[in-house]
Amino acid sequence: MLPLRLGDPEDFARVAAALRGPDFEESAVHRILRDSGNTALGAESIEPKVAGGLASSSVLLRLFIELKRVPRAEVEAALDRATVDSFLALDLMRGGDADCFESPVFLYPVGEMLIASDHYNKSSGADSVFPAIQTGTLHLLKLLPRSAADDALDLCSGTGICALVLSRYVRHAVAADVTARAAHFAEFNRRLNDCGNVEIACGDLYGPVQGRTFDRIVAHPPYMPSVEEAKIWRDGGSTGEAITRRIVEGLPTYLRPGGDFLALCLGSERDEAPFHLRAREWLGEAEAEFNLIFAVRKYLSPEELAGQVAGGENADGVERAFREAGVTRFCYGALAIQRHEGAGTRPWTMRTKLGASTGADSFEEVFGRSRACTQLEAVADLRPRLAPTAKATVAHRVDESKFVATEVLLETEFPFAHAIEFEPWIFPLAARFDGSRNVATVYAEAKAGEALPAGFGFEDLASLVAMLIIQGYLTIDKA
Ligand SMILES: C[S@@+](CC[C@H](N)C(=O)[O-])C[C@H]1O[C@@H](n2cnc3c(N)ncnc32)[C@H](O)[C@@H]1O
């Protein structure tokens, strides 16, 4: 039997009002969880909004965060009768005639939403509903796109947290998960947060939204390598990529031109290709329509991961499976993909780092810059200038008693930390971009001055400039 009752709107409103009080404030609740030695929250920092002292003896904290049995008299002293009845009506509290009340679920504030899930330590079974108050989800929430869009889809939605947060920025959001338990919790959370523009769907990945398309797709798939599918929220096939791969393969069908995709996942690097290029291949024949960023948070060796997966047992077998697949290392991070609207400039791929300061704006900045560079004609009219965060290091070697430039290393910090090596002729060319001349003029001048290599045409320069703008080496004034 599923916990939580989809009761009356008045019950949801009364419960939400009680949970929005100072006793249950988000940063304080997170701090209490972390201070209690909760490792699921990792080192993720949540901006503290209220630093005031909170009595961890609060009835709500004990019931919903610590999952303790609380004497009836204490609950009735803290909450009015109607509120207690509403908690009981929604099955957030149980007690009957006993002397204590207790909650069948874990309930907490996160992403400015109130979310019910299963608890980390109290698994309901294979379909346990993944807590949204956990390092991975908190990280994904920090990276979720905040720009306006029409239709969004949250795949592998669990509690529905990403769809609920996205619903503040988009016209309509769908939360889709394969388990009926997750869909039930998500519907409960939708009502608790009064999100009228969120739709809950249940089924295998895109199954429940067949025939529809979206401007924004986000996913936090199960990505742990697994020998068997024991936990639906966790197990992602033998190298952890099975679900992520199917999600990416579906983008040509479900993501609209101009739309964006974001997932937090684990990928594997192979002898034949690094993860970001393998992810690009998963897009299939439509691959050229997509731009792709993979921002790595951390690397894990196959041995390290095999130890975690197998929990000490059969780690050799798991490691062998990784070796047979040709895995050289695993990388955990954010995969962001944009479908471009035109086909003027070449599709681009960017591999970068996911730092502590990386936020939603980093990806949105790159995608926004990319939109400004979609058409070659548009690039011709741009007047880029060297970005203030750009840095160039020119390496020289001695040739016939003279220093000769051999390569140029360009580095930038914004929107992402990034570095790229070029041949020396790029250095004076890039220096021509000072914001006073457009790209067409710079091309004409450089060509007249014989500053370009043979066969390097305008299209090549426009694609190069587009790339330098997108990666953050050149900047353009916003209209
Ligand atoms: C890591 S949890 C993420 C939950 C939530 N999005 C979050 O970030 O807190 C992965 C979720 O994927 C769901 N899932 C697993 N396989 C799926 C599939 N084939 N189709 C849709 N959902 C799936 C699980 O039920 C689980 O809720």
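Could you tell me which of the residues 64, 130 is crowded, with 23+ Cβ neighbours inside 10 Å, of a type in the set (A, V, I, L, M, F, W, C) and not assigned by TED's automatic domain parsing to the domain that holds residue 355?
64
Can you tell me which residue among 285, 249, 269 is surrounded by fewer than 21 Cβ atoms within 10 Å (Cβ to Cβ), in a strand (DSSP E or B) and at pLDDT 95 or above?
The unique qualifying residue is 269.
Taking residue 251 as meeting all but one of (1) within 16 Å of the ligand (Cβ to nearest atom); (2) farther than 21 Å from residue 366 by Cα, write down the number of the exception.
(2)
Residues in region 202-219: is at least one more than 8 Å from the ligand (Cβ to nearest atom), small (Gly, Ala, Ser), under 27 Å from residue 331 (Cβ atoms) and touching a residue at least 24 places away in the same chain (Cβ under 8 Å)?
no
Count, please, the residues in region 162-173 that happen to be within 12 Å of the ligand (Cβ to nearest atom) and in contact with a strand residue (DSSP E or B) (Cβ under 6 Å, 6 or more places away or on another chain).
Qualifying residue count, region 162-173: 4.
Check whether at least one residue in region 398-420 is among the polar types (S, T, N, Q) and within 23 Å of residue 295 (Cα to Cα), and report yes or no.
yes
How many residues, within region 225-246, are within 12 Å of the ligand (Cβ to nearest atom) and modelled with pLDDT of 90 or more?
Final tally of qualifying residues: 6.
Could you grab me the full set of residues in region 192-201 that are surrounded by fewer than 22 Cβ atoms within 10 Å (Cβ to Cβ) and away from the ligand (no atom under 14 Å from the Cβ)?
Scanning region 192-201 gives 193, 194, 195, 196, 197, 199.
Cβ-Cβ below 8 Å, separation at least six or inter-chain, first residue in region 239-264 and under 23 Å from residue 369 (Cβ atoms) and in contact (Cβ under 8 Å) with a residue 60 or more places away in the chain, second within 13 Å of the ligand (Cβ to nearest atom) and in a helix (DSSP H, G or I): which pairs?
Final answer for the pair search is 262/140; 262/143; 263/244; 263/247; 264/136; 264/139; 264/140; 264/143.
Out of the residues in region 118-153 that are among the polar types (S, T, N, Q) and within 13 Å of the ligand (Cβ to nearest atom), state the one that is nearest to residue 179 (Cα to Cα).
Applying the filter and picking the extreme gives 128.
For region 254-266, state whether one or more residues are crowded, with 16+ Cβ neighbours inside 10 Å and aromatic (Phe, Trp, Tyr).
yes
The values are calculated or read from the model by the stated rules, or taken from the named source; none is laboratory data. Source: prediction; values computed, not measured. Here Cβ is always computed from backbone atoms with ideal geometry, including for glycine, and neighbour counts include all displayed protein chains.
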